[in-house]
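Heads up: the structure comes next, in structure tokens.
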Amino acid sequence: MPFKKKYIALLFIVVLLITVRLLLPYFVKNYVNQVLEDIPGYYGQVEDIDISLIRGAYVINNLYLNKVDAGSQVPFLNFHKTDISIEWKSLFKGKIVSEIALTNPEIIYVFEDQNKENTEDPELEDWTKALTELVPININTLQVSNGKIAFVQLAANPNIDLQLYKINFNAKNLRNVLRTERELPSSIYAEAKSIGKGDVKLEGSMDLVKKVPDIDITFSLENADATSLNDLTNHYAGIDFKEGTYDVYSEIAIADSYLKGYIKPMLKDSKIISKEDSFLEVLWEGFVGFFKFVLKNHGNNTLATKIPFEGNLDDINTSVWITTKNIIKNAWIKAFKGTADNEIDFEEVQKKAKKQNK
């Protein structure tokens with residue numbers, strides 16, 4: 001009889017474990033959906049969740065998030081597959097470390113949706129408070145495969161759609177515990193394609209666990225087709241490009257909400273379309289073409305400038321005079337190099353931030 005009871009007890013435990021395993025995705029899905037529902041001003045949902053106990057992982061399928069008052073039905077976030085797992089080799093060393101892999105994630109910023117006035121929006125709390133109240137763990141690796149980020153303006157005619165696609169991103173050591181050392185703990189690297197088939201690279205470091213993350217990054221966009229900008233330039237400046245390429249280089253450092261950096265756009269071998277438009281439009285295009293001819297460097301046929309900016313994030317200053325002077329410098333004094341200038345130092349920005357916050 002005791003022997004039989006043992007088998008019954010064992011069978012009961014097995015059935016219980018199987019039941020828990022079958023119901024676990026349902027409870028996790030409800031929990032994630034509840035978290036998305038509680039984000040102020042947004043709504044979202046996940047379609048399905050798969051759990052792998054052997055890997056110590058769960059996979060979120062088709063997560064989307066959008067603004068409650070959005071005029072369009074385009075999701076702000078649309079993550080097709082999110083794999084969150086425990087790194088076993090670190091667990092054996094006594095550390096709880098996770099790995100996150102996003103496949104085909106999309107972030108689409110619809111200008112009209114995100115800038116729609118809503119006087120009833122609640123104040124958003126600092127999300128890092130909730131994060132640091134959990135058991136402190138490390139996200140050892142964050143990987144993004146074939147991602148997409150887009151800025152869309154539907155009111156423009158034709159619609160403006162600026163995007164980076166084929167984004168492959170890798171970040172390491174994204175800790176969610178407050179740092180004590182001066183160095184930024186997390187390294188980031190990304191490659192992508194832009195509109196006009198430009199080559200995009202971004203690399204640097206950051207500290208994610210702050211209301212405004214500290215960052216130190218270098219960005220480059222090279223060999224993009226200038227005609228891909230026609231929807232944007234025609235809408236805002238009445239300019240169409242017939243041919244040409246453009247590059248963009250930038251360095252940005254943020255420390256304690258104090259920012260310093262620059263953007264260096266370069267337009268090469270460009271020609272403006274000549275159309276049979278109204279007299280004023282032809283006059284405007286001729287005016288733009290004349291100044292482009294005067295202000296470009298004729299040695300390398302490049303029109304370029306360098307736009308510096310600096311200040312607290314709520315009061316960023318840039319100089320029109322310096323920007324204009326740099327156009328003239330590129331044209332008549334010394335052509336800008338097609339590369340980042342390596343002149344923004346994160347430690348100097350930290351020192352300025354301390355002075356500003358005293």
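At an R0 of 35 angstrom, the distance between the Cβ atoms of R55 and I149 translates into a FRET efficiency of 0.75.
Using Cβ contacts closer than 10 Å as the measure, can you line up V144, V68 from fewest to most?
Details: V144 20, V68 12.
In increasing order of surrounding Cβ atoms, one gets V68, V144.
Find how much the distance from E112 to I84 grows on full extension, using 0.36 nm per residue of separation minus their present alpha carbon separation; answer in nm with one decimal. It would help to have the intermediate numbers written out before the result.
On the way: separation 28, 0.36 × 28 = 10.08 nm, distance 3.28 nm.
Fully extending the segment from E112 to I84 adds 6.8 nm.
Here the spin labels are modelled as points 7 Å beyond Cα on the Cα-Cβ line, and at N342 and N30 they lie 5.7 nm apart. Straightening the chain between N62 and I8 buys 15.3 nm, computed as 0.36 nm per residue apart minus the Cα-Cα spacing. Between N357 and A101, the modelled labels are 3.8 nm apart [label points 7 Å from Cα along Cα→Cβ].
How long is the gain from E47 to Y165 if the chain were fully straight, where each residue apart is worth 0.36 nm and the alpha carbon distance is subtracted? Please list the in-between numbers first.
Working: separation 118, 0.36 × 118 = 42.48 nm, distance 2.39 nm.
Between E47 and Y165, full extension yields 40.1 nm more.
With the simple model of a label 7 Å out from the Cα in the direction of the Cβ, L77 to D199 spans 3.3 nm.
We did not get these values from a lab; they are worked out from the coordinates using the rules stated. Just so you know, these numbers come straight off a predicted model, no measurement behind them. Methodologically, a virtual Cβ is constructed for each residue, glycine included, from the backbone with ideal geometry; neighbour enumeration extends over all protein chains shown.
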